[in-house]
1. Contact list please: Cβ distance under 7 Å, first residue in region 106-126 and modelled with pLDDT under 90, second residue in a helix (DSSP H, G or I) and not aromatic (Phe, Trp, Tyr), pairs at least six apart or on different chains.
2. Among the residues of region 199-215 satisfying the criterion of being out of contact with any strand residue (DSSP E or B) (no Cβ under 6 Å at 6 or more places or on another chain) and closer than 19 Å to ASP153 by Cβ, which is surrounded by the fewest Cβ atoms within 10 Å (Cβ to Cβ)?
3. I'd like the full set of residues that are touching a residue at least 60 places away in the same chain (Cβ under 8 Å) and part of a loop (DSSP other than H, G, I, E, B), limited to region 253-276.
4. Would you point out the residue of region 55-83, among those that are out of contact with any Lys or Arg (no Cβ under 7 Å at 6 or more places or on another chain) and of a type in the set (Gly, Ala, Ser), that is nearest to HIS299 (Cα to Cα)?
5. Scan region 14-56 residue by residue and report those that are at pLDDT below 50 and over 24 Å from THR253 (Cα atoms).
6. Can you go through GLY183, GLY197 and tell me which one is modelled with pLDDT under 95, small (Gly, Ala, Ser), under 22 Å from the mean Cα position of the chain (by Cα) and closer than 30 Å to ASN162 by Cβ?
7. Test VAL268 against the criterion of being closer than 15 Å to PHE168 by Cα and in contact with a Leu (Cβ under 6 Å, 6 or more places away or on another chain), and give yes or no.
8. From the list GLY132, GLY118, GLY73, which residue is surrounded by fewer than 20 Cβ atoms within 10 Å (Cβ to Cβ) and within 22 Å of VAL271 (Cα to Cα)?
Amino acid sequence: MAKITSGFRLPLTVVLLSVATLFSCNKDVKEFVSQYFQSEADPDGIRLDRDGNASTIASGDIGITPDSIRNIGIHYLELVPDAGTAYKNGIIIYRSAETFEGGEIAIDFDSLLFVAPGTAIFNANLRKIPPGTYSYIRASVACISYDMQIDLDDIPGVDEANDVPSTFYSFLGYRTYIRIIQGDSLTQEVNANRALGFWLLETKQPGSAWNKIFQSQVNSNQVTVVNELSGTAPIPNTTGVITGRFEEPLVITGEEPDDLYITLTFSVNDVLEVEDSNGDGNWDINYQFDVLSEVLKDHGLRSLRATFEYR
């Protein structure tokens, strides 16, 4: 069971290529140079639309930037040589497990590696990456969780509560099979596939008996999935695969003496876009979660930048 909490950790090292391939002879062992991937979330990052253009909040809506980022679960990574490289025609570095348990193929939520920002996701043998220049990168974030605050209305016996501490779970993979989500104090069973745009929110007001998990679905085609190469290498929005760029091209020669560290930085600048129907500048959710709740219109990540260094 995958539990996403601030203290949750899974093993950080995953060998992506088979042991037989990596260690088939002494030469491979001697020449093992590691490639590490880690992720960050930037609250001040550039905010783009799905075609990679600057994006602003629509009139009547508000943007919400999380107070903090808890964990990130990556499903897919691909190194992309140039702007004309089609989806899946680059070097696929990583793909997490998938399952047919929910009927259609889906990302297996329980198999995702959830790590805190700044923590290594996995490593692989750099020698197995074909020499060349890689200017872009593609990534699918299956799930990312945030700490934030909401206003809660019509609570039985309480009426309303403002600035309620909450954790928001954003599902951004093409489709994810979820069995159970264990929050800080509440559990939500799903046992089904959920499409790109699914979300849950757990309220965590200290000492309150009325804490609750809310869940809903934003239409997959309305969720922003940034593709900065949409003009030359289009990808269906429903894949959930973000395309971003290296700040400077990554050049692999095959002769690197040091380990390579690649950092993926996702923009969470106004990552939630909410219809602010009462104009108070906050996200108001009705406790009964009915039509009186303000509608979450989008929670897609807003850009991807990659940097690297040798150590």
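The values are calculated or read from the model by the stated rules, or taken from the named source; none is laboratory data. From a predicted model like this one, the values you see are computed outputs, not experimental measurements. Glycine gets a Cβ as well: all are built from the backbone with ideal geometry, and neighbour counts include every protein chain shown.
1. Final answer for the pair search is ASN125/LEU22.
2. Filtering region 199-215 down to residues out of contact with any strand residue (DSSP E or B) (no Cβ under 6 Å at 6 or more places or on another chain) leaves 206-209.
If we keep only those that are closer than 19 Å to ASP153 by Cβ too, we end up with 208-209.
Values: SER208: 14, ALA209: 8.
In this case the residue turns out to be ALA209.
3. Going residue by residue through region 253-276, those that are touching a residue at least 60 places away in the same chain (Cβ under 8 Å) are 253-254, 256-276.
THR253, GLY254, GLU256, PRO257, ASP258, ASP259, VAL268, ASN269, ASP270, VAL271, ASP276 - these are the residues of region 253-276 that are touching a residue at least 60 places away in the same chain (Cβ under 8 Å) and part of a loop (DSSP other than H, G, I, E, B).
4. Here the residue is GLY63.
5. Across region 14-56, there are no qualifying residues.
6. Working: GLY197 fails: modelled with pLDDT under 95.
So the residue among GLY183, GLY197 that is modelled with pLDDT under 95, small (Gly, Ala, Ser), under 22 Å from the mean Cα position of the chain (by Cα) and closer than 30 Å to ASN162 by Cβ is GLY183.
7. Values: closer than 15 Å to PHE168 by Cα: yes; in contact with a Leu (Cβ under 6 Å, 6 or more places away or on another chain): no.
Taking the combined requirement at face value, the residue does not satisfy it.
8. GLY118
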